Amino acid sequence: MAIHRVLIANRGEIAARVIRTCQRLGIGTVQAVSAADRGSLPARMADRALCIGPAQSAESYLRIDTLVQAALSAGCDAIHPGYGFLSERAPFARRCEEAGVTFIGPTAAQIEAVGDKLRARAAAEAANVPVVPGGAVHSLDEARALAERIDAPLLIKAVGGGGGRGMKRVDHLNDLPIALDMAASEAGAAFGDARVYLERYVARGRHVEVQVLGDGRGQVLHLGERDCSVQRRYQKLIEESPAPGLSDDTRAALCEAAVRFSQRLDYRGAGTVEFLLDVDTNDFYFLEMNARIQVEHPVTEQVTGLDLVALQLAIASGEALPLRQRDVQRKGWAIECRINAEDPDNDFMPSPGRITAAQWPTGEGIRIDTHIEAGAFVPPYYDSLLGKVIAHGADRADALSRLRAALAATRIDGVRTNVAYLARVLADAEFCAGGVDTGFLARYGSKA
Amino acid sequence: MSLTAKDVAQILELLEQSSFDSLDLEMDGMRVQLRRRGAGAAGDAPAASLSAAPRASAASAAPPSAAPASAAPAAATFAPVEAPPGSKAVTAPLLGVFYRAPKPGEPPFVEVGARVAPDTVIGIIEVMKLMNTVRAGMSGQVVAIPARNGELVEFGETLLFVRED
């Protein structure tokens with residue numbers, strides 16, 4: 001069933017990104033906007049924009065029924081959820097399914113399966129994918145026994161958490177009872193689910209993830225890995241593909257594990273399987289699966305030459321995967337920087353406001369994904385991502401020098417940005433050497 | 001020399017076929033401003049409220065009236081309807097399908113000329129089979145009803161105009 005018109009249930013750079021591909025494919029676009037985004041670039045790029053509610057996301061971008069109604073009334077046969085907002089809410093996917101509107105993403109059941117971290121862990125084990133030593137605990141005695149086996153330091157994680165939320169580190173087993181109590185009550189309050197599980201704490205780990213595509217009928221292929229270890233408080237800042245310094249064996253094992261996991265779910269659409277790579281042992285463990293397009297998907301697109309949004313649309317329209325694993329060729333190296341409206345001199349406080357000048361770089365191998373231009377307003381209601389600068393080159397050094405030049409040519413006035421901060425990180429010797437662990441930026445911050 | 005309606009129509013057609021997004025024409029004390037749907041909105045928006053924008057930690061708690069962009073002119077979404085002199089708009093509190101009557105075939109809740117009080121029901125907005133009643137929110141007389149029965153209305157779109165008491 002071909003898709004003719006898509007409602008974009010998101011905002012910012014990803015909305016603009018999705019519209020671009022739709023336009024290239026001759027697919028109509030309707031942009032859902034809050035009152036704060038009526039004048040935004042995606043609203044003006046789309047064939048039509050509909051104001052779905054006031055600025056606060058809870059009253060607009062998170063309103064399931066309003067979005068489905070908007071899609072139906074505007075004659076859309078599909079909804080693209082982007083990332084964040086409702087992209088990984090099973091009730092949204094289900095409501096679309098019920099209303100006969102194609103949800104461009106996995107099934108509601110698949111979203112539920114990966115959203116529950118314990119179920120995802122169990123699925124990984126069943127698919128013979130390594131998980132961090134640990135498991136579910138239902139009582140203090142059970143927790144004590146398990147904690148003694150995996151030993152401190154360990155992490156208590158919320159079943160409903162993810163992306164760094166709902167975690168507690170325990171350095172001494174004596175602290176376990178109190179930490180367990182606190183973790184459970186915090187998880188109950190934050191996620192409406194008090195269940196927790198234990199995992200061994202990996203002191204030096206890298207965040208390496210694998211992009212997968214599934215047709216929903218058991219056919220899954222991977223588009224290689226991305227390294228997203230440059231993080232600040234679990235927020236990724238710089239991502240690259242391939243991951244530096246991996247042996248061919250480790251790379252192949254990671255990608256195959258991601259495919260096995262996704263196959264087990266009969267996964268449909270674009271997804272990302274995240275792994276923790278232990279720097280000291282070179283072992284890797286399944287972390288979680290993100291059932292959506294990722295912010296950092298362009299690095300994969302630049303090295304594979306594939307359009308992930310177009311592939312999402314093809315899969316959602318029920319087509320067979322238009323390529324096989326051997327058709328996926330990877331060329332060169334790509335690195336992405338996230339440009340945020342935030343103040344590095346003031347603990348990275350978000351810096352909303354009116355953009356008075358925006359000069360994005362151009363040049364060989366440079367790609368910009370953004371919704372920001374001069375005159376644009378950065379509302380205080382949403383995340384502070386202004387855009388992404390992606391550099392592609394023959395190898396890592398080539399990509400890095402292009403990215404440095406691109407950042408030097410980036411000028412955003414009117415709000416505070418992290419452009420200069422990113423430029424300094426890119427010049428850091430440890431980063432240049434490649435393969436930093438997720439603690440790198442915290443260490444960098446303390447030495448800067 | 002003055003512009004006739006026919007002239008304006010011709011100018012519109014020229015703009016439509018051109019690669020320009022806007023046209024400002026001033027002649028004989030008359031000013032015509034034409035914009036393609038949504039064009040130039042961001043640039044036209046008042047560059048105000050930058051300092052008024054709350055820091056993000058407080059942002060989610062900010063009331064809707066604090067939305068800096070809500071003061072920006074209508075852009076790519078619905079076109080604004082000019083208010084009859086001395087009247088105020090009753091706008092859609094949410095996006096959905098607008099109905100003027102409680103059921104098909106029944107008389108509308110209000111007609112032009114009707115008197116309304118703040119709690120007078122003036123229509124229904126349906127969102128996925130859920131009927132939301134819309135009230136006037138002010139006292140006065142209905143002077144125009146631009147919203148059409150059975151059609152989609154967006155959040156903030158004008159449903160009707162009331163001349164307040």
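Picking from residues in region B:151-165 that are more than 27 Å from A:Ala58 (Cα to Cα) and buried (at least 22 other Cβ atoms within 10 Å of the Cβ), the one that is farthest from the other protein chains (Cβ to nearest Cβ) is B:Val162.
Please state which one of A:Gly28, A:Gly75, A:Gly12 is modelled with pLDDT of 95 or more, at positive phi and surrounded by fewer than 20 Cβ atoms within 10 Å (Cβ to Cβ). Only one candidate passes the filter, namely A:Gly75. For first residues located in region A:123-134 and closer than 15 Å to A:Asp278 by Cα, partners that are open to solvent by less than 50 Å² (accessible area, probe 1.4 Å) and of a type in the set (Lys, Arg) and lie 6+ apart or on another chain with Cβ distances below 6 Å form the pairs A:Val131/A:Arg121.
The residues of region A:429-438 that are open to solvent by less than 40 Å² (accessible area, probe 1.4 Å) and either assigned to a helix (DSSP H, G or I) or at pLDDT below 95 (or both) amount to a single one, A:Phe431.
Each row is one residue, and each column tells you yes or no for (1) touching a Leu at 6+ places or on another chain (Cβ under 8 Å); (2) over 16 Å from A:Asp283 (Cα atoms); (3) free of Cβ contacts under 8 Å to residues at least 60 places away in the same chain.
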residue: A:Ala184; (1), (2), (3): no, yes, yes
residue: A:Ala203; (1), (2), (3): no, no, no
residue: A:Val208; (1), (2), (3): yes, no, no
residue: A:Glu225; (1), (2), (3): yes, no, yes
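Counting the residues of region A:379-425 that are aliphatic (A, V, I, L, M), in a loop (DSSP other than H, G, I, E, B) and crowded, with 23+ Cβ neighbours inside 10 Å gives 1.
Select from region A:250-305 the residues that are part of a helix (DSSP H, G or I) and open to solvent by 30 Å² or more (accessible area, probe 1.4 Å) and list them in ascending order. Across region A:250-305, the qualifying residues are A:Arg251, A:Ala252, A:Ala253, A:Glu256, A:Arg260, A:Gln263, A:Arg264, A:Gln302.
Here's the yes/no breakdown for (1) within 30 Å of A:Ala394 (Cα to Cα); (2) touching a residue at least 12 places away in the same chain (Cβ under 8 Å):
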| position | (1), (2) |
| --- | --- |
| A:Val273 | yes, yes |
| A:Val279 | yes, yes |
| A:Ile293 | yes, yes |
| A:Ala316 | no, yes |
| A:Pro322 | yes, no |
| A:Asn340 | yes, yes |
| A:Trp360 | yes, yes |
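Return the residues of region A:38-82 that are among the acidic types (Asp, Glu) and within 7 Å of chain B (Cβ to nearest Cβ); say none if nothing qualifies. Answer for region A:38-82, where residues must be among the acidic types (Asp, Glu) and within 7 Å of chain B (Cβ to nearest Cβ): just A:Asp65.
The single residue among A:Leu86, A:Leu140, A:Leu62 that is under 26 Å from A:Gly26 (Cα atoms) and either out of contact with any strand residue (DSSP E or B) (no Cβ under 8 Å at 6 or more places or on another chain) or assigned by TED's automatic domain parsing to the domain that holds A:Ala270 (or both) turns out to be A:Leu86.
Under 6 Å between Cβ atoms, at least 6 apart or on separate chains: pull out the pairs that start in region A:85-106 with a residue that is among the acidic types (Asp, Glu) and end on any residue that is not in a helix (DSSP H, G or I). Within 6 Å, the pairs are A:Glu88/A:Ala291; A:Glu88/A:Arg292. I need the full set of residues from region A:189-222 which are more than 30 Å from A:Pro298 (Cα to Cα) and open to solvent by 30 Å² or more (accessible area, probe 1.4 Å), in order please. Answer for region A:189-222, where residues must be more than 30 Å from A:Pro298 (Cα to Cα) and open to solvent by 30 Å² or more (accessible area, probe 1.4 Å): A:Ala189, A:Ala190, A:Phe191, A:Gly192, A:Asp193, A:Ala194, A:Arg195, A:Arg200, A:Tyr201. Only residues that are in contact with a strand residue (DSSP E or B) (Cβ under 8 Å, 6 or more places away or on another chain), farther than 19 Å from B:Met138 by Cα and open to solvent by 80 Å² or more (accessible area, probe 1.4 Å) were counted in region B:100-119, giving 0. Scanning for something over 25 Å from A:Lys157 (Cα atoms), β-branched (Val, Ile, Thr), in the same structural domain as A:Gln235 (by TED's automatic domain parsing) and assigned to a helix (DSSP H, G or I), does region A:306-329 turn up at least one residue? Yes, some residue in region A:306-329 is over 25 Å from A:Lys157 (Cα atoms), β-branched (Val, Ile, Thr), in the same structural domain as A:Gln235 (by TED's automatic domain parsing) and assigned to a helix (DSSP H, G or I).
Per-residue answers, yes or no, for (1) without any contact (Cβ under 8 Å) to a residue 24 or more places away in the chain; (2) in a strand (DSSP E or B); (3) more than 10 Å from chain A (Cβ to nearest Cβ):
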{"position": "B:Glu82", "(1), (2), (3)": "yes, no, yes"}
{"position": "B:Pro85", "(1), (2), (3)": "yes, no, yes"}
{"position": "B:Leu94", "(1), (2), (3)": "no, no, no"}
{"position": "B:Pro107", "(1), (2), (3)": "yes, no, yes"}
{"position": "B:Val112", "(1), (2), (3)": "no, no, yes"}
{"position": "B:Pro118", "(1), (2), (3)": "yes, no, yes"}
{"position": "B:Asn132", "(1), (2), (3)": "no, yes, yes"}
{"position": "B:Pro146", "(1), (2), (3)": "no, no, yes"}
{"position": "B:Asn149", "(1), (2), (3)": "no, no, yes"}
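Against the criterion of being part of a helix (DSSP H, G or I) and open to solvent by less than 40 Å² (accessible area, probe 1.4 Å), A:Ala179 qualifies.
When region A:339-378 is limited to residues that are assigned to a strand (DSSP E or B) and within 8 Å of chain B (Cβ to nearest Cβ), the one that is nearest to A:Gly39 (Cα to Cα) turns out to be A:Phe377.
The values are calculated or read from the model by the stated rules, or taken from the named source; none is laboratory data. In this text the structure is predicted, and so the values were computed from the model without any measurement. Ideal geometry is used to build each Cβ from the backbone, glycine not excepted, and the neighbour counts take in all protein chains shown. Ligands, DNA and RNA are stripped out before the accessible areas are found, and what is left, the full protein with its side chains, is counted by its heavy atoms. Shrake-Rupley method; radii C 1.70, N 1.55, O 1.52, S 1.80 Å.
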